[in-house]
Amino acid sequence: MTALPEAGHTPAGRGADSADSAGHRLTAPFWRLWGAACVTSLGDGLRLAALPMTAALFTRDPLLLSLVTVAGQLPWVLAGWFAGAFVDRHDQRQVMIWSDAVRAVIAGGFTLAVFTGHSGIGLLLLFALIMGLAETLRDSAALAVLPRVVAEPALDRANSLLQGVAMLCVELAGPPLAALLLVSHTSLPYALDAVTFAAAALLVLGLRATPRPQPSCSTRTSLRADVAEGIRWLWRHRLLRAVCGLVGAFNFALGAVVSIAVLYAYEVLGVGSVAYGLLMSVIAVGGVVGVVVTPLLTRRWGRERTLLVFCGLTPPALAVAGTASHPVLAAGVLTVVGTALAVITIVTTSMRQVLVPAALLGRVGSSYRLVAVGMTPLGALAGGTIASYAGLRAPFLLAAAVLAAAWALAVPLLTRATRKETP
């Protein structure tokens, strides 16, 4: 097997211009990872869209419905501490393969339960939780593999392509396709979900990569020590610490609104399942715009300024969505949210891959995502609770207020942190 190219490596005898061109080139291993991301994103899109629509068949209680989102994101709180440290100690390619294979089997079993009429809200929550646990390992491994495949100058482009396919599949294709499949039979989205994960495992199986070197006995540490090291490194890095807090607030806001979005569409906007799927797809339309413009904006403004601008655009959009009664107006402002989501994800992913040492990328990344992604279930729980007492518009207004406050705090902190990016 051939080794993955090292970021920034310049072959002997080639000039600076040639090396720069090579640094911006995306190689065959990246495209294999991208292909795997395509099929897993389609599976994720189908499952994430189908779960709340399936849950709505069993209950219309906003709090109970929000628990589906909580269950899917809770693993980042429960297992996120150890996922990154685990992938730092193991072959990341193998972690990706086994994670996708396990998800294929679990999705297949859930499909059978739904097909035979043995599903319910409890099984739905358990399914979301188990799939989320496997996702923590898979995503941590994929994040750590990418810088070994792509040179630093091409990271924004590579992350844009990965985020682009995620947006297209999860947000654009997933909701309407899931709605159409559910009309035929409730089990069909989950059956296709299982197929996509099996295909992804086969794609990553063919990825050529040098096995990760095992640490010597003198340098081997405990898993708990690795986790603590990742937390300490993140806490001491002022730039990433500020980014982590801002993105955590963003995910809290999204969790609050996504958890009750299906009821918001049904009862506030007055649309059905298929229209709800199309409404959610407009987020991906904005996401495609974000994917296209992010590399251009980061070169012109820098990553930190780009992050602040798009985090600042989101609170007004959420506030308008919370007061809207027409689906077209809601779709318009959700497009802005989708653009911001894509830009923020691409920029912050590239920042971590550039700033964190390769040997620590998994454990620091899991510590980062513990806070950033771990805020999503808290937001979902808050959104479901406030919707139960104050109505389905209230979570949007709460989300706008939380994110506006976090953005105001981050402006001076993030600006100061950019002046010195070393821990």
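Observations on the structure shown:
- Remark: the chain carries 41 Å² of accessible area per residue (probe radius 1.4 Å; ligands, DNA and RNA excluded).
- Of Ala372, Leu203, Phe127, farthest towards positive along the dipole that unit charges on Lys, Arg, Asp, Glu beta carbons give the chain: Ala372
- Local net charge near Leu182, Cβ-Cβ under 14 Å (Lys/Arg +1, Asp/Glu -1): 0
- Neighbourhood charge, 14 Å Cβ-Cβ cut-off, centred on Tyr266 and excluding it, Lys, Arg +1 and Asp, Glu -1: 0
- Distance in nm between pseudo-label sites at Glu267 and Glu152 (7 Å out along the Cβ direction from Cα): 5.2 nm
- Taking Lys and Arg as +1 and Asp and Glu as -1, the other residues whose beta-carbon sits under 9 Å from that of Leu361 total +1.
- Each of Phe115 and Leu313 was given a label point 7 Å from its Cα along the Cα-to-Cβ line. The distance between the two points is 4.4 nm.
- Magnitude of the charge dipole for the chain, about its Cα centre and with charges confined to Cβ atoms of Lys, Arg (+1) and Asp, Glu (-1), is about 1020 debye.
- Point-to-point label distance, Val292-Leu64, nm (Cα→Cβ direction, 7 Å offset): 4.4 nm
- Cα-based shape type of the range 13-165, given that a ≥ b ≥ c are square roots of the gyration tensor eigenvalues and the cut on a/c is 1.5: prolate
- Under the Karplus curve 6.51 cos²θ - 1.76 cosθ + 1.60, θ = phi - 60°, whole-Hz ³J(HN,Hα) for the range 175-187, x wherever Gly or Pro sits: x, x, 5, 4, 4, 5, 5, 5, 4, 6, 6, 4, 7
The values are calculated or read from the model by the stated rules, or taken from the named source; none is laboratory data. Here the structure is a predicted model, which is why all the values come from computation and not from measurement. Counting neighbours? That spans all protein chains shown, and the Cβs are built from the backbone with ideal geometry, glycine included. Surface areas here come from the heavy atoms of the whole protein model, side chains and all, with no ligands, DNA or RNA. Shrake-Rupley method; radii C 1.70, N 1.55, O 1.52, S 1.80 Å.
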